[in-house]
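One structure is given here, and the rest of the page talks about it.
The values are calculated or read from the model by the stated rules, or taken from the named source; none is laboratory data. Fair warning: this is a prediction, and the values are worked out from it, not measured in the lab. Glycine also receives a Cβ, built like all others from the backbone with ideal geometry; neighbour counts cover every protein chain displayed.
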Amino acid sequence: MSSTPPAPLHLAVALDGTGWHPASWREPGARPRELFTAAYWADLVTEAERGLLDFVTVEDGLGPQSSHAFEPDERTDQVRGRLDAVLVAARVAPLTRHIGLVPTVVATHTEPFHISKAIATLDYVSNGRAGLRVQITARPNEAAHFGRRTVPRIEAYDSPDALATVTDLFDEAADHVEVVRRLWDSWEDDAEIRDVATGRFIDRDKLHYIDFEGRHFSVRGPSITPRPPQGQPIVSALAHDTVPYRLVARAADVGCITPRDADEARDTVARIRAEQDAAGRASEPLHVFGDLVVFLDDDAATARARRERLDALAGEPFTSDAPVFTGTPAQLADLLLELRASGLTGFRLRPGVAAHDLPAITRGLVPEVQRRGAFRRAYEAGTLRGLLGLPRPANRYAAA
Amino acid sequence: MTKPLKQIHLAAHFPGVNNTTVWSDPRAGSHIEFSSFAHFARTAERAKFDFLFLAEGLRLREQGGQIYDLDVVGRPDTFTVLAALAAVTEHLGLTGTINSTFNEPYEVARQFASLDHLSGGRAAWNVVTSWDAFTGENFRRGGFLPQQERYSRAKEFLATAHELFDSWRGDEILADQETGRFLSDAKAGAFVHSGRHFDIHGRFNVPRSPQGRPVIFQAGDSDEGREFAAAEADAIFSRHGTLEAGRAFYSDVKSRLAKYGRGRDQLLILPAATFALADTDAEAEELAREVRRQQVSGATALRHLEFVWNRDLSAYDPDGPLPDIDPDIGEDHISQGRAQVRMYRDPLATAREWRELAEANRWSIRDLVIHTGNRQNFVGSPATLARTIDAFVQADASDGFILVPHLTPTGLDEFADKVVPLLQERGVYRTEYEGTTLRDHLGLAHPDGRRTERAAS
């Protein structure tokens with residue numbers, strides 16, 4: 001018999017337009033005409049908070065959505081266009097109180113200095129609920145939106161050229177995150193002193209140049225924004241293979257993986273933990289979440305029928321990089337607990353249809369996992385780090 | 001015939017990182033916490049101001065090789081704060097200063113279009129340029145831009161951003177759930193820009209926002225800056241606060257509009273203005289003196305003298321006479337990250353002039369810095385301020401003012417409560433917002449009227 005009960009689950013929801021099924025926008029209640037309004041996003045995040053979820057992620061990209069992995073398409077039957085995810089998160093922050101806000105940022109074409117202060121500021125406007133989900137882009141068309149570099153066109157995922165390109169982009173992303181994190185620490189917490197007697201607003205000995213020198217860029221610092229409320233906001237990344245597992249192991253607080261079953265989950269968690277050891281971070285807490293696309297209804301046949309109806313509208317069966325669950329909230333609760341036993345500490349659920357499957361998570365799944373004693377019944381902390389059981393870290397630059 | 005009364009435009013500048021901002025006052029609040037921004041924005045909206053204005057600086061200032069520590073230091077990210085403020089206000093315009101040197105058009109256009117969507121049409125962009133390698137050390141490209149090219153890049157940056165904004169006409173999103181057509185145009189957002197500074201093409205991924213394009217501000221004062229504003233901007237954030245200088249600037253810039261086919265009301269002139277407000281004129285004068293002393297401590301006075309002397313003066317007594325040594329006129333400047341020091345084109349002459357002034361008036365270093373620094377633009381009772389501001393606007397010294405209070409976040413409260421009602425009584429200031437977008441508040445047309453340059457090809 002195990003002496004300690006398993007840790008409670010952590011649950012996040014991934015928000016992307018009207019949902020992850022390409023025909024989701026055609027469902028009743030999908031509100032596709034409101035996708036570019038604040039009210040739409042506020043309603044989704046408020047619903048997620050009603051379900052006591054740990055955080056929401058907001059998808060983003062530096063080009064239009066596409067049905068192809070590495071090039072744009074010219075489809076007119078799917079949602080195209082999106083708002084900047086950091087600004088969506090900032091817009092809903094004052095309207096929520098507990099839920100974490102984790103927008104996607106693309107490392108490949110952005111300045112780490114700007115990203116660092118943007119997420120620090122999101123942490124201020126949300127009183128300690130900010131994070132980021134870092135991603136790379138290997139799309140040549142997105143590189144052409146910036147005109148600063150070219151990305152070689154990837155023909156096949158498993159070619160040596162593709163691996164070299166992707167490895168390089170992930171290495172750069174790791175440097176990007178390192179700069180973002182150093183800048184968050186570049187002000188000590190008590191650097192602002194407002195000492196009227198000497199006229200000094202700050203104690204400049206508590207501000208630090210970060211002097212990052214990498215293969216792709218160098219950044220001097222310090223940040224223009226003081227250390228955010230959480231000290232270090234959450235860094236997360238989605239990972240499907242060895243190279244991104246290494247990024248998760250080196251740089252993240254929450255890694256999201258896409259195992260097909262419990263065995264694959266156990267194997268992937270072990271690989272990430274080994275990389276974590278190799279990176280010298282073995283003692284640091286690192287969550288590994290499973291990503292699942294979900295279609296939820298009160299009985300499994302209804303859920304299957306709904307997914308089939310969506311597939312018919314889309315003209316093709318739905319596929320995803322993540323496993324797809326179609327069934328009842330109770331069945332999903334069973335699956336999540338089974339996967340937890342293989343080492344996952346939480347899940348990032350991607351609602352097939354936001355208008356339908358998000359409330360099914362908050363009003364269906366959540367009561368099921370609560371009944372099993374596996375999920376919170378009230379928010380227990382005021383910050384995202386607190387919800388994830390992560391302590392506020394010491395500043396790397398502060399004298400011990 | 002009498003000229004019809006001009007309506008006054010007012011806006012609120014969040015107190016910045018100059019010594020104008022008095023942080024030593026016990027009432028001074030945080031410059032970082034969102035509650036300060038929310039208080040400031042709500043006050044501005046209660047006073048029916050056109051917009052809130054945020055400045056920006058992308059590297060902490062240094063003097064003598066060390067981070068300058070006597071003024072407010074640090075600020076949050078402009079876009080992120082403005083997006084959050086959109087949640088706690090309904091009408092107030094949201095103006096952000098964003099640099100065209102250390103950003104790329106695709107990303108900035110996405111951010112402004114997103115902010116405009118998320119605020120229901122209240123976004124504005126104060127386009128600034130910089131070139132210094134000092135700031136560049138925080139960015140991937142470093143200090144890559146020669147000084148003489150900064151306006152050339154800024155112009156092309158703005159033109160490119162406009163091409164991106166205009167790459168969606170505004171009617172592409174059908175979202176027809178019955179027919180399954182989300183877009184009416186498979187090429188929505190397509191753009192090609194090929195120029196000296198930017199060579200980019202592809203698809204912009206933010207549909208057209210409520211204002212079409214954000215309102216464009218320009219802040220430079222050089223001849224090149226004025227010309228740029230006359231050609232491109234909807235409003236100028238200027239620094240000519242006196243009646244005479246304001247009228248000269250106003251007349252100069254407005255006269256440049258015709259050659260770009262623009263009317264005089266298509267570019268608003270909005271100078272920054274500080275103020276000291278009290279119940280009576282005498283009390284306001286006293287307050288103004290007191291605030292000036294708070295703004296210029298002995299330590300600050302020495303550091304400001306260093307802007308001209310360009311050498312370490314920390315050994316001098318701020319309550320004593322000016323240094324008898326001459327300024328260092330070498331290439332490197334003791335102060336970095338500060339535009340102000342470029343004002344002193346001939347430091348030897350300035351030093352000579354200041355020594356004479358100080359001797360004639362028996363001023364100490366601190367007295368000198370207080371007297372030669374900027375006095376508040378408006379000092380007086382509520383009635384005096386309302387009358388003076390109105391007089392400036394009716395005399396074409398400006399179209400209104402961007403008020404810069406010295407206290408965060410309550411520095412506008414009294415102005416909102418006491419001066420605004422008097423302006424309303426004079427019939428020169430709105431009592432309610434008439435429209436919903438910032439263009440509405442500023443009386444600017446929606447840009448679709450002049451959208452001709454990107455015909456389908």
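In table form, for the structure just shown:
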| read-out | value |
| --- | --- |
| Residue in segment B:228-241 that is within 23 Å of A:Arg75 (Cα to Cα) and either out of contact with any Pro (no Cβ under 7 Å at 6 or more places or on another chain) or surrounded by fewer than 20 Cβ atoms within 10 Å (Cβ to Cβ) (or both) present | no |
| Matching option when the condition is part of a loop (DSSP other than H, G, I, E, B) and within 23 Å of A:Leu44 (Cα to Cα), among A:Phe375, A:Phe347, A:Phe325 | A:Phe375 |
| Residue list for segment B:54-80, filter: farther than 16 Å from A:Arg194 by Cβ, facing another protein chain (nearest Cβ under 7 Å), acidic (Asp, Glu) and more than 16 Å from the chain's Cα centre (by Cα) | none |
| Checklist (1) within 22 Å of the chain's Cα centre (by Cα); (2) facing another protein chain (nearest Cβ under 10 Å); (3) assigned to a strand (DSSP E or B) applied to A:Gly255, failing item | (2) |
| A:Asp175 surrounded by fewer than 22 Cβ atoms within 10 Å (Cβ to Cβ), in contact with a strand residue (DSSP E or B) (Cβ under 9 Å, 6 or more places away or on another chain) and more than 10 Å from chain B (Cβ to nearest Cβ) | yes |
| Qualifying residue in segment B:144-160 (condition: in the same structural domain as B:Lys48 (by TED's automatic domain parsing), free of Cβ contacts under 8 Å to residues at least 12 places away in the same chain, basic (Lys, Arg) and farther than 30 Å from A:Val79 by Cβ) | no |
| Candidate set: segment B:192-219, residues that are under 32 Å from the mean Cα position of the chain (by Cα) and within 7 Å of chain A (Cβ to nearest Cβ); chosen: the one farthest from B:Ser152 (Cα to Cα) | B:Pro207 |
| Segment A:120-146 residues that are more than 30 Å from B:Ser194 (Cα to Cα) and more than 10 Å from every other protein chain (Cβ to nearest Cβ), paired with ones that are of a type in the set (Lys, Arg) and surrounded by 24 or more Cβ atoms within 10 Å (Cβ to Cβ) (beta carbon under 8 Å, 6 or more apart) | A:Gly128/A:Arg385 |
| Where B:Met343 falls short, out of the listed (1) over 30 Å from B:Asn138 (Cβ atoms); (2) exposed (fewer than 12 other Cβ atoms within 10 Å of the Cβ); (3) modelled with pLDDT under 95 | (1) |
| Segment B:111-166, residues that are β-branched (Val, Ile, Thr), under 28 Å from B:Asn205 (Cβ atoms) and within 11 Å of chain A (Cβ to nearest Cβ) | B:Thr160 |
| Qualifying residue in segment A:211-221 (condition: within 14 Å of another protein chain (Cβ to nearest Cβ), crowded, with 21+ Cβ neighbours inside 10 Å, touching a strand residue (DSSP E or B) at 6+ places or on another chain (Cβ under 9 Å) and under 22 Å from A:His176 (Cα atoms)) | yes |
| Residue count for segment A:70-119, restricted to those that are in a loop (DSSP other than H, G, I, E, B) and in contact with a strand residue (DSSP E or B) (Cβ under 7 Å, 6 or more places away or on another chain) | 8 |
| Residues of segment B:167-191 classified as more than 18 Å from B:Ala113 (Cβ to Cβ), surrounded by fewer than 16 Cβ atoms within 10 Å (Cβ to Cβ) and either among the aromatic types (Phe, Trp, Tyr) or more than 10 Å from chain A (Cβ to nearest Cβ) (or both), total | 0 |
| Residue selected from segment B:103-141 under the condition modelled with pLDDT of 95 or more and among the aromatic types (Phe, Trp, Tyr), by the criterion surrounded by the fewest Cβ atoms within 10 Å (Cβ to Cβ) | B:Phe139 |
| Selection within segment A:328-349 - touching a residue at least 60 places away in the same chain (Cβ under 8 Å) and among the small types (Gly, Ala, Ser) | A:Ala341, A:Ser342, A:Gly343, A:Gly346 |
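Quick grid of which residues meet (1) assigned to a helix (DSSP H, G or I); (2) surrounded by fewer than 17 Cβ atoms within 10 Å (Cβ to Cβ):
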residue	(1), (2)
A:Pro5	no, yes
A:Ala12	no, no
A:Trp25	yes, no
A:Tyr40	yes, no
A:Asp43	yes, no
